[in-house]
Amino acid sequence: FLRIFWGLCMVYEIYTHITHDWAKTKRYYVEPPWMFHYYGFDWIPRLTLEQWKVYHYSMFTLAVFFTVGFLYHISALLFTIGFTFLFLQDMGLYLNHYYLIILLCLVYVPMPANRYFAVDCRIGLARHTPTIPFWCVFLIRTLVSVVYVFAGIAKMNVDWIMCEPLIRWLPAGRRLPLIGWM
C-alpha cells in the first residue's frame with residue numbers, strides 16, 4: 001500500500017498546482033523575469049502558462065497511473081523526470097520535500113510495487129504477490145529518515161527553537177480541514 005499512499009500524495013501535490021486558477025504556477029514559474037537555475041541546468045526551458053497546463057495535466061495523469069499501478073514502471077519513470085523538471089526550474093524555490101519527492105520517485109522506478117492491488121496484475125504485466133522484498137521498505141525508510149534527520153539538524157537555530165515559523169504558519173492554516181482547529 002506504500003505505492004498507493006505515495007501516489008495519492010503525488011496526485012494531491014500536482015492537484016495543488018492545478019487548482020486556484022493556476023495562480024501558484026503563474027506566480028512562481030511564469031511571471032518572474034528571471035530565475036536562478038541550478039549549475040549546469042540553465043538549458044532547461046521556461047514554459048508558458050499554456051504549456052504548464054499541459055505539463056500539469058500530464059503529471060496528474062501519470063500520478064494517477066502510478067497510484068493505480070497502470071504501466072507502473074513507465075509512469076514512475078516519467079513522473080520522476082517530470083517532477084525533476086519542475087524542481088530544476090528555479091533554485092530559489094528549493095524545498096527539501098521536493099528533493100525527497102524526486103529521490104523517492106527515483107527509488108520507485110525499479111521497485112516491484114506493482115505486484116499487489118495494481119492494474120498491471122489484472123492485465124498480466126506483473127505477477128501478483130502480496131509482499132515486496134525487504135530492501136524496498138528499507139530503502140524508503142532510509143531515505144525519509146536521512147532527509148528528516150538533516151532537516152531537523154538544519155532547524156536547530158534560535159528562530160525554530162522559539163517557534164517563530166509556527167507562530168506565522170499556524171494562523172494561516174486555520175481553514176484547513178482536520179487540523180485547522182488546532
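The values are calculated or read from the model by the stated rules, or taken from the named source; none is laboratory data. Values in this document were obtained by computation on a predicted structure and should not be read as measured data. So basically every Cβ, Gly included, is an ideal-geometry build from the backbone, and we count neighbours across all protein chains shown. For accessibility, only protein heavy atoms count, side chains too; no ligands or nucleic acids. Shrake-Rupley method; radii C 1.70, N 1.55, O 1.52, S 1.80 Å.
Set side by side, the residues Phe66, Phe5 differ, and just one is in a helix (DSSP H, G or I) and out of contact with any Gly (no Cβ under 9 Å at 6 or more places or on another chain), which is Phe5.
When you go through (1) in a helix (DSSP H, G or I); (2) touching a residue at least 24 places away in the same chain (Cβ under 8 Å) one by one for Phe117, which number turns out not to apply? Single failed check for Phe117: (1). Among the residues of the stretch 147-163, the ones that are aliphatic (A, V, I, L, M) and in contact with a helix residue (DSSP H, G or I) (Cβ under 9 Å, 6 or more places away or on another chain) come to 4 in all. Candidates in the stretch 70-98 are the residues that are among the hydroxyl-bearing types (Ser, Thr, Tyr) and farther than 17 Å from Ile14 by Cβ; of these, the one that is least open to solvent (accessible area, probe 1.4 Å) is Tyr72. For the stretch 124-134, does any single residue satisfy the condition of being in a loop (DSSP other than H, G, I, E, B) and touching a Leu at 6+ places or on another chain (Cβ under 6 Å)? No, the stretch 124-134 has no match at all.
I'd like the residue in the stretch 1-19 that is surrounded by 12 or more Cβ atoms within 10 Å (Cβ to Cβ) and among the aromatic types (Phe, Trp, Tyr) and, out of all such residues, is farthest from Arg46 (Cα to Cα). If we take residues in the stretch 1-19 being surrounded by 12 or more Cβ atoms within 10 Å (Cβ to Cβ) and among the aromatic types (Phe, Trp, Tyr), then Trp6 is farthest from Arg46 (Cα to Cα). Taken over the stretch 45-69, residues that are touching a residue at least 24 places away in the same chain (Cβ under 8 Å), farther than 30 Å from Gly124 by Cα and surrounded by fewer than 17 Cβ atoms within 10 Å (Cβ to Cβ) amount to 3.
Apart from one condition, Glu31 fits all of (1) over 30 Å from Ile140 (Cα atoms); (2) at pLDDT below 90; (3) among the charged types (D, E, K, R); the exception is (2). Of the set (1) buried (at least 16 other Cβ atoms within 10 Å of the Cβ); (2) free of Cβ contacts under 8 Å to residues at least 12 places away in the same chain, all apply to Gly40 but (1). Can you report the number of residues in the stretch 132-158 which are open to solvent by 90 Å² or more (accessible area, probe 1.4 Å) and not aromatic (Phe, Trp, Tyr)? Residues flagged as open to solvent by 90 Å² or more (accessible area, probe 1.4 Å) and not aromatic (Phe, Trp, Tyr) within the stretch 132-158 amount to 4. In the set Ile161, Ile123, Ile167, Ile102, only one residue is modelled with pLDDT of 85 or more and either more than 22 Å from the chain's Cα centre (by Cα) or open to solvent by 90 Å² or more (accessible area, probe 1.4 Å) (or both); that residue is Ile123. Annotation: Trp22 fulfils all but one of (1) open to solvent by less than 80 Å² (accessible area, probe 1.4 Å); (2) on the phi < 0 side of the Ramachandran plot; (3) assigned to a helix (DSSP H, G or I); (4) modelled with pLDDT under 95; the unmet one is (2). Looking at the stretch 100-122 only, could you name the residues that are aromatic (Phe, Trp, Tyr) and more than 17 Å from Ile14 (Cβ to Cβ)? The answer is Tyr116, Phe117.
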